[in-house]
1. Any chance you could run the full-extension gain for Ala67 through Val10? It's 0.36 nm times the residue separation minus the Cα-Cα distance, nm to one decimal.
2. Just to be sure I understand the model, the point goes 7 Å from the Cα along the line to the Cβ. What's the resulting His59 to Glu81 distance in nm?
3. Give the long-range amide H neighbours of Arg89: residues separated by 5 or more places, or on another chain, with amide H under 5 Å away, using H modelled in the peptide plane at 1.01 Å from N.
4. Could you list which residues have their amide H under 5 Å from that of Trp116, counting only those 5 or more apart in sequence or on another chain, with H placed in the peptide plane?
Amino acid sequence: MGKAVGVGGVFLKAKDPKGLHAWYHEHLGIPLTYGFTSFEGPEAQGVTTFAFFAEDSNHFGEGGQRAMVNFRVDSLDEVLERVAAAGARVDPHRDDASFGRFAWFWDPEGNRVELWEPAEEQQVG
């Protein structure tokens, strides 16, 4: 039987797709390629999580946001400093778990984004 073998992409609506993509490129280092992003090479290695949350969960922040992107990062503190310096609203809450550190911010269009710095034993490369 066929089965899913990983997440093939994350797709979000944006008021200004090119501008938002440029913001992510500048402040998170996400590459710009043909109007979309493909992670290739060592960055693509590691765990990808697919999960469902209860309808009343506040994990995605306030409002009606129905999806959230989680980016694996190599330095949570450095990325948070960079997005804060760019004017992003950063959630002061942090979560330290056995499998890594988590933090959140809102991008220029108000999407809540989760950052994950995997624990040392989950780091690839």
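1. Values: separation 57, 0.36 × 57 = 20.52 nm, distance 0.94 nm.
The Ala67-Val10 span can extend by a further 19.6 nm.
2. 3.0 nm
3. The list, which skips near neighbours in sequence, is Trp106.
4. Correct list: Phe71, Arg72, Val73.
Bear in mind that the values in this text are calculations on the coordinates, not laboratory data. What you are looking at is a predicted structure, and each value in this text was computed from that prediction instead of being measured. Neighbour counts are summed over all protein chains in view; Cβ atoms, including those assigned to glycine, are modelled from backbone coordinates with ideal geometry.
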